Amino acid sequence: MLGQPEPKNTPLKDISVTDLQEMPTDSVSCISWAPKNKTPTFATSAWDSYIRIYNVDLEASTLAQKSCFEAESPCLGVNWNHDESQLFSGCTNGSVMSFDVETGISDVIGHHEGPVSSVHWLPWSNALLTLSYDKTLRFWDPRQAKHVAGFKLDYKPFCSDLVDQQLAVGLSEAKVMILDLCNIQSELGTGSQPYLESPLGDKTSLTCIKLFRGKQLGIGVSDNHGRCNISKLCYSNSSARLETAITFKAHQKRENDLRLELYPSASLGFHPDRGSDFVYTAGTGGEGQMQFWDIKKKDKIAEFNFKGTPITRAEMDPTGNFLAYALGYDWSRGIQGHMSHASNVYVHMMQDKELEHGRQGGDAAYPFIYEGLLHNS
């Protein structure tokens, strides 16, 4: 605004992995927080074919690697079971694997015919759900070496999220699918599959999908053009539909007032206690920004600028106190950019003033702007 002071840049001091031997050697593809969260702990999967577990040491302000497991091939997804005794991952060679957290013993539960894009543990049935680029959704009993049920999809599942017994899937050709897993047989077993059109239109690819709790269940999606949409999930005659609450441009910039630069939104998520009021997004493709949004006030709260280093994944913990994120190369420049950005994992400790626009004090017209990274040693 004319006559307003420029926003002050704040050096970013987030907790990081400082031991070179504990850093991922390739880009992180997924972050999964431990569900009990007695000690803040999360697992990562990466393109170097390793699953790593990190503990957040608040006293030392560091991330310490607790365990490291080698998978058969690069992993696209990782998830915990309900008591944190096992981790499950899906690999690009189609393998579905389990890892015993205490003993380190790994096992191959079964195989898909294509890369596994997502894995979800179902605590109410002690089963594992997987989605694959082979256009299948399968259920596994980890004690058996084969899937116990499966369904064929019409589109490739790119991203997914599970809240309670509701599964949201972002598919190819800009399709969205919402499933009640209690009625999975009636919803997928009849041949008439409940596909919805993406609220971001059919010209883009979905990069992330998240469910959130509120007065009613809602959904957020992001795409490869840097846009995000928040919608309410409504039902009429037992059929689901999406009612758009807001669509906003999270990772788009106009260079020199001429060319519009579009950056994929790699991650989107919600604060567990604020529903859709608080949203975080993270951009790749050379933009290197993570942003906090106050959806109720339709404004940005905070901006984290990593100077062109892509944020390959970001995930908030179940308490809303910590936000883990990974920096690394996202292959937006092909083989020429390989190893141009080192991979590492960080944790941002959330502050109350970052949860709502206008709470930062002083001039509320500007967000917090965090510049660069100052590693804690």
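The values are calculated or read from the model by the stated rules, or taken from the named source; none is laboratory data. Worth saying up front: this structure is predicted, and the values here are computed from it rather than measured. Using ideal geometry, Cβ is built from the backbone for each residue, glycine included, and neighbour counts are taken over all protein chains shown.
Here are some notes:
- Applying the criterion of being of a type in the set (Val, Ile, Thr) and surrounded by fewer than 17 Cβ atoms within 10 Å (Cβ to Cβ) to the residues of segment 74-112, the residue that is nearest to Thr130 (Cα to Cα) is Val108.
- Scanning segment 119-139 for residues that are part of a strand (DSSP E or B) and closer than 20 Å to Asn183 by Cβ yields His120, Trp121, Leu122, Ala127, Leu128, Leu129, Thr130, Leu131, Thr136, Leu137, Arg138, Phe139.
- Options Ser239, Ser265; residue that is buried (at least 17 other Cβ atoms within 10 Å of the Cβ) and not basic (Lys, Arg): Ser265
- Strands (runs of 3 or more DSSP E) enclosed by segment 223-293 - at least 3 residues per element that are in contact (Cβ under 8 Å) with a residue 12 or more places away in the chain and in contact with a His (Cβ under 9 Å, 6 or more places away or on another chain): 275-283
- Total residues in segment 26-57, condition in a loop (DSSP other than H, G, I, E, B) and more than 14 Å from Glu315 (Cβ to Cβ): 8
- Segment 318-377, residues that are in a loop (DSSP other than H, G, I, E, B), modelled with pLDDT of 70 or more and of a type in the set (Gly, Ala, Ser): Gly320, Gly328, Ala342, Ser343, Gly358, Gly372
- The set of residues in segment 272-282 that are surrounded by 22 or more Cβ atoms within 10 Å (Cβ to Cβ) and either modelled with pLDDT of 95 or more or over 19 Å from Leu162 (Cβ atoms) (or both) comprises Phe278, Val279, Tyr280, Thr281, Ala282.
- Once segment 83-98 is narrowed to residues that are outside any strand (DSSP E or B) and among the small types (Gly, Ala, Ser), the residue that is nearest to the chain's Cα centre (by Cα) is Gly94.
- In segment 12-47, the residue that is surrounded by the most Cβ atoms within 10 Å (Cβ to Cβ) out of those that are in contact with a Leu (Cβ under 6 Å, 6 or more places away or on another chain) and closer than 20 Å to Leu162 by Cβ is Ala43.
- Scope segment 36-65; condition under 17 Å from Phe88 (Cβ atoms) and at pLDDT 95 or above; matching residues: Thr41, Phe42, Ala43, Thr44, Ser45, Ala46, Ser49, Tyr50, Ile51, Arg52, Ile53
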